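For reference, the structure discussed in these notes is given below.
Derivation of every value follows stated rules applied to the coordinates shown; laboratory data play no part. Note that the structure is predicted; figures quoted are calculated from it, not measured. Please note: Cβ atoms are built from the backbone with ideal geometry, for glycine as well, and neighbour counts cover all protein chains shown.
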Ligand code: GDP
């Protein structure tokens, strides 16, 4: 018999309702000691997915008026007997109920233990469990959607298909290990090679999708750089459409670094506003250039703003020469004024992406969005049916599988003994099994679940 675990599952703080969750073979015994239903029934007579009204009590004392949901194994989140006590959402009440559960035979659940049990009981695979964390931590709708897709198990399905192909290759090979007198004929070798290439193609595609997945999950690290007063804050505000960044007529007042996520077509830009280059004294100005170059280097997208009504400064020229042109969008701001810089200026002629805007009048902002979308093929990413890997661990495992498969192919090219090829192919299976969890070590599993919040 397993232990019964309990945890407060709703976020800490005051709320309308709070949920205390219990899971384990014995969880109804714990419940019965602390819950008085209005219309009591024997536990055997209560079907799963039933909600009962009543009170949590400590002896004769009523602690709270609650609703309790019953879930019976294996039809529950953990695949064990479970119940959820919906109490009032006050900290004191919830802690009191939790305390009663613990005193009546339940143990405090570890972070992620409910989901871990769902995995260990075989209800979900490891990649699905990880999707649960992704959904909880999602910052954009798109990210949540990817998490939901993964929760449905598409990655496990995809991997199962690849494993099936691999097993077929392995069984072909193993015939010739078991019966060495039947040497693998040339024709069969060609066929095996083709099958391995097919598997390799699928793995490479999955690995590639990670880059897109990363954009969805982490956002594009974006630096908005430019001299003081060119309109960085104004642009930021135009993008954010709210007054989060301070817009000012004086130089050097917005000194705090502002970090903000902005959604464009469901993809998030992680904005790093560089306040350092706003300083006016020479020395600090120099430091500012260094700092902005450093930030530009670290960014995946640079939005370089110039005040089109003024000429380039020496610092502008210096930075323009040094930054990566492929990841930069030059924004010529203040085109509502009389302009001194045009798109054809020699300082920026090597840049492919130049947009003219007026941050003040909110003109040209859409064109800027389009440029960003094109630069990162975001429209392509938005293809809904694309299978995307968003988890770094999964990507690493797939990379390992690719390496093992390439090893198998090389061994074949070098006419190595067939059992050597077979070992590499078995490694591919192991590498993939670690994604779904069949082959994952306890250490990996513990590490994954330790990242969960309490009560999930
Ligand atoms: P930052 O120092 O780069 O953040 O620049 P700000 O956004 O604080 O803008 C500096 C000044 O330029 C403010 O007075 C803004 O109102 C003004 N400004 C910003 N964008 C435009 C624009 O497109 N046209 C005009 N005419 N003024 C602008």
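Rg/Rh for segment 103-155 stands at 1.10; both radii use Cα atoms, and Rh follows the Kirkwood definition.
With the convex hull drawn over the C-alpha atoms of segment 303-348, the volume per residue is 66 Å³. Report note on the peptides 35-42, 229-236: ranked by the mean count of other C-beta atoms within 10 Å, highest first, their order is 229-236, 35-42. Using every pair of separate Cα atoms, the Kirkwood estimate puts the hydrodynamic radius of segment 402-456 at 13.0 angstrom. Packing order of peptides 142-151, 6-15, 65-74, highest average first: 142-151, 65-74, 6-15 (average count of other Cβ atoms within 10 Å over each peptide's residues). Let me have the 222 nm mean residue ellipticity of the chain computed from DSSP H runs of 4+ only, each contributing -39500 (n - 2.57), with the sum over all residues rounded to the nearest 500. Computed mean residue ellipticity for the chain: -15000 deg cm²/dmol. In the chain, the ratio of gyration radius to Kirkwood radius, Rg to Rh, stands at 1.11 when only Cα atoms are counted. With q set to 0.20, 0.22 Å⁻¹, the log10 of I(q)/I(0) for segment 5-109, from the Debye formula over equal scatterers at the Cα positions, is -0.99, -1.22.
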